[in-house]
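All remarks here apply to the structure that follows.
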Amino acid sequence: MSLVVRCRVRRKGRGGFLLDAELTVPGAGITTLWGPSGCGKTTLLRCLAGLEDLADGHIQLEETVWL
């Protein structure tokens, strides 16, 4: 079992950015997310939690699409 995440967030204006992420997370074990400050770690987690209004994409577990 695995979780497939496809998230694209574009913010315009001052401090605008584009986050385009696609990843597959295994269904067992521990998965980490790391990178330099400002690379989009928190925005990606907000997409996973359904808190990012500007997100385009999907979160899917096996055949079931969550978001």
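The values are calculated or read from the model by the stated rules, or taken from the named source; none is laboratory data. What you see is a predicted model, and the numbers here were worked out from it, not measured in a lab. Reconstructed Cβ throughout: ideal geometry from the backbone, glycine too, with neighbour counts over all protein chains shown. Protein only, heavy atoms only, side chains kept; ligands, DNA and RNA dropped before computing areas. Shrake-Rupley method; radii C 1.70, N 1.55, O 1.52, S 1.80 Å.
Results for (1) touching a Lys or Arg at 6+ places or on another chain (Cβ under 8 Å); (2) in a loop (DSSP other than H, G, I, E, B); (3) open to solvent by 90 Å² or more (accessible area, probe 1.4 Å); (4) of a type outside the set (K, R), shown as yes or no for each residue.
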position	(1), (2), (3), (4)
R14	no, yes, yes, no
L18	yes, no, no, yes
A21	yes, no, no, yes
T24	no, no, yes, yes
T31	no, yes, no, yes
W34	yes, yes, yes, yes
S37	no, yes, yes, yes
L44	no, no, no, yes
E52	yes, yes, no, yes
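Within the range 1-51, how many residues are under 27 Å from E62 (Cβ atoms) and among the aromatic types (F, W, Y)?
Adding up the residues that qualify gives 1.
When the residues of the range 54-64 are filtered to those that are farther than 15 Å from M1 by Cβ and of a type in the set (A, V, I, L, M), which remaining residue is least open to solvent (accessible area, probe 1.4 Å)?
Selected residue: A55.
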